[in-house]
Amino acid sequence: MSVLLAVDMPYWLQTILRVLGGTVAVLLPAGTIVYVFLFKMMSFMQSRLGPMEAGPYGAFQLFAEVGKWLQKEDLYPDRADKFIFKIAPIVVLTSTFLLVAVVPFGPDAWFTNFEAGVFYALAVSSVSVLGILIAGWASANKYSLLGGLRAAGQLIAYELPMVLAVIGVVIQAGSMNFQEIVVAQNAGEIFGWNGIGNPYILTQMVGFIIFMIAVQAELTQTPFDMPIAESELVSGYMTEYSGFRFLMFFIGEFATAGVFSLIAAALFLGGWGIPFAWFGWDSMDSVDNWMNIVGPLIMFTKMMVLSGIIMWVRFSYPRFREDQLQKFAWKVLIPVSLLNIMATAILKVAF
Amino acid sequence: MVAQNIFFAIFAVIMVVGALRVVTSNNVVHAALWLVTVLAGAAGQYILLSAEFVAVTQVLVYIGAVMVLFLFGTMLTRARLGEETDLNNKTWILGIPVALLLFGTMSYALIDSFGDEKLPENAVVVSTQVISDQIFGPYLIPFWALSFVLLAATIGAIVLARKD
């Protein structure tokens, strides 16, 4: 970032800029996903117009919605465990903000260049389960508790295939650092041809599909929305929440969709980079500085494509039953991803 | 090194208070959440020691998996809201000498092996590759032994849970 602005900034200023950048990187995708996909694409698929009144084509609908939520009373049930009830949405949202910290947006445009970045991302994403579980418990409502328990069972089951799917990428790149994985993809070549680099979606197609299915389940989006199944559990663990605290869950859901799309883009689609051979770059150090401006735009485009797929699946499929959902994770996804790891390791040694 | 010392003190106070509240709070879920605070504090201490892989493992295994399963199990069986009176039993006093004995043994072991040796001023971050070289090199046999313990636990759980 200091290279981007061509001035040497003190450490505290860099830190403040990175924190601001991280906040933008969480909230901007969340807002865009809600407007483009939840409001407009869903309406299109259901043959209606969606919000049209606030701003051109309803573009300011989101501000109206946020204003509405902020005005609502912060209700809590009489028998609820008030302190835990209040901190639960904060735990969920914190996990999302921590998650974006390791996603790189350009050669210098990163928030933190963590050595074990992939491992860190998987670890902090599992913290949100804790928030959901205590939200369901503290609500003093049996529907909320059932929703929280279903969520915990589902998120634990789909955490495993997610971790195992990423291991294939880690083996192929030989690193757990996001920057090194991105560079390895863009500097790579396919049998000596370096025209498009070597995005891991080609070699790790199985891992990519498993990862996206697991992300869908981690986000509790349909067809994996048993925890908030509205026809059975009202709204699951979110039932008793209103006003600002509901807004936090809502932002958390779509911001996490955006951040997981960014992570999938960095792991499988080549991240912020363009194939290095196009400009004669050969490593991280020779990448031009303008990539710090173009990189975030490339990442945003890939994020929109991937979260578009997530939302498309969400609007298209009916809900899984609880036993089907668990069987799918334990009997299909985990064995397939283990086979994928074995195949990747053997091929890595062979080539 | 001053900043590290300040943060060490902050984490240490949080961990001690959390550990005391684990055994004194009147609600199972509250106790479990205080335990989460203690484990998160331990992860923070690992970061201060430049052991980032261990810190991330601490978060992934203890907070993300063990505590979630713990809360999951308690909520399925007996997690009431509000205060409970029957969480203590009469023999709790025996815990104090056991805790003191454990504290004494661990302090002795630490002082005996490190003495007044100091950490280097700018500790090098231990990379994941170094850790894996250690685990799959000199510590391979203990690693296998641990895997067998986990396998045995899994098989035991299946045997207990299956009725047929």
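Taking the stated definitions as given, is residue B:57 free of Cβ contacts under 8 Å to residues at least 12 places away in the same chain and closer than 20 Å to residue B:126 by Cβ?
Yes: the conditions hold for residue B:57.
Against the condition in contact with a helix residue (DSSP H, G or I) (Cβ under 9 Å, 6 or more places away or on another chain) and within 19 Å of residue B:28 (Cβ to Cβ), how does residue B:47 come out, does it pass? Spell out how you get there, then give the answer.
Details: in contact with a helix residue (DSSP H, G or I) (Cβ under 9 Å, 6 or more places away or on another chain): yes; within 19 Å of residue B:28 (Cβ to Cβ): no.
Answer is no for this residue.
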>> So in region A:79-117, with the set limited to residues that are more than 10 Å from chain B (Cβ to nearest Cβ) and among the β-branched types (Val, Ile, Thr), which one is farthest from residue A:218 (Cα to Cα)?
In response: A:112
>> Which numbered condition in (1) without any contact (Cβ under 8 Å) to a residue 12 or more places away in the chain; (2) away from chain A (no Cβ under 14 Å) is the only one that residue B:65 fails?
In response: (2)
> List the pairs whose first member sits in region B:75-100 and is within 14 Å of chain A (Cβ to nearest Cβ), whose second member is assigned to a helix (DSSP H, G or I) and not acidic (Asp, Glu), and whose Cβ atoms are under 6 Å apart, counting only residues at least 6 apart or on separate chains?
Replying inline: B:75/A:137; B:79/B:28; B:79/B:29
>> Between a residue in region A:90-110 that is charged (D, E, K, R) and any residue that is assigned to a helix (DSSP H, G or I), which pairs come within a Cβ distance under 6 Å, given they are 6 or more apart or on different chains?
In response: A:108/A:292
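Scan region B:12-35 for residues that are in a helix (DSSP H, G or I), within 14 Å of chain A (Cβ to nearest Cβ) and not small (Gly, Ala, Ser) and report the count.
Going through region B:12-35 one residue at a time, the tally reaches 7.
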> Considering only residues of region A:134-172 that are in a helix (DSSP H, G or I) and of a type in the set (S, T, N, Q), which is farthest from residue A:184 (Cα to Cα)?
Replying inline: A:144
> Do we have any residue at all in region A:39-46 that's outside any helix (DSSP H, G or I) and surrounded by fewer than 17 Cβ atoms within 10 Å (Cβ to Cβ)?
Replying inline: yes
>> Which of the numbered conditions does residue A:330 fail, given that it passes all the others? Conditions: (1) buried (at least 20 other Cβ atoms within 10 Å of the Cβ); (2) outside any loop (DSSP other than H, G, I, E, B).
In response: (1)
> Is there any pair linking a residue in region A:246-258 that is β-branched (Val, Ile, Thr) to one that is outside any helix (DSSP H, G or I), with Cβ under 7 Å and at least six apart or on different chains, and which?
Replying inline: A:256/A:219
> Of the residues A:139, A:235, which is in contact with an Asp or Glu (Cβ under 7 Å, 6 or more places away or on another chain) and either among the small types (Gly, Ala, Ser) or closer than 30 Å to residue B:36 by Cβ (or both)?
Replying inline: A:139
> Counting only residues that are charged (D, E, K, R) and in a helix (DSSP H, G or I), which one in region A:176-232 is farthest from residue A:260 (Cα to Cα)?
Replying inline: A:232
> Among the residues of region A:86-121 satisfying the criterion of being among the aliphatic types (A, V, I, L, M) and part of a loop (DSSP other than H, G, I, E, B), which is farthest from residue B:132 (Cα to Cα)?
Replying inline: A:109
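So, residue A:185, is that one in contact with a Lys or Arg (Cβ under 7 Å, 6 or more places away or on another chain), more than 13 Å from chain B (Cβ to nearest Cβ), touching a residue at least 12 places away in the same chain (Cβ under 8 Å) and not acidic (Asp, Glu) or not?
no
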> Mind checking which residues of region B:32-51 are farther than 26 Å from residue A:117 by Cβ and touching a residue at least 40 places away in the same chain (Cβ under 8 Å)?
Replying inline: B:32
> When both residues are 6+ apart or on different chains and their Cβ atoms are under 6 Å apart, which pairs have a first residue that lies in region A:308-332 and is modelled with pLDDT under 90, and a second that is exposed (fewer than 15 other Cβ atoms within 10 Å of the Cβ)?
Replying inline: A:315/A:45
>> Going by what's in this entry, would residue A:28 be described as assigned to a helix (DSSP H, G or I), modelled with pLDDT of 80 or more and exposed (fewer than 12 other Cβ atoms within 10 Å of the Cβ)?
In response: no
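The values are calculated or read from the model by the stated rules, or taken from the named source; none is laboratory data. Values in this document were obtained by computation on a predicted structure and should not be read as measured data. Reconstructed Cβ throughout: ideal geometry from the backbone, glycine too, with neighbour counts over all protein chains shown.
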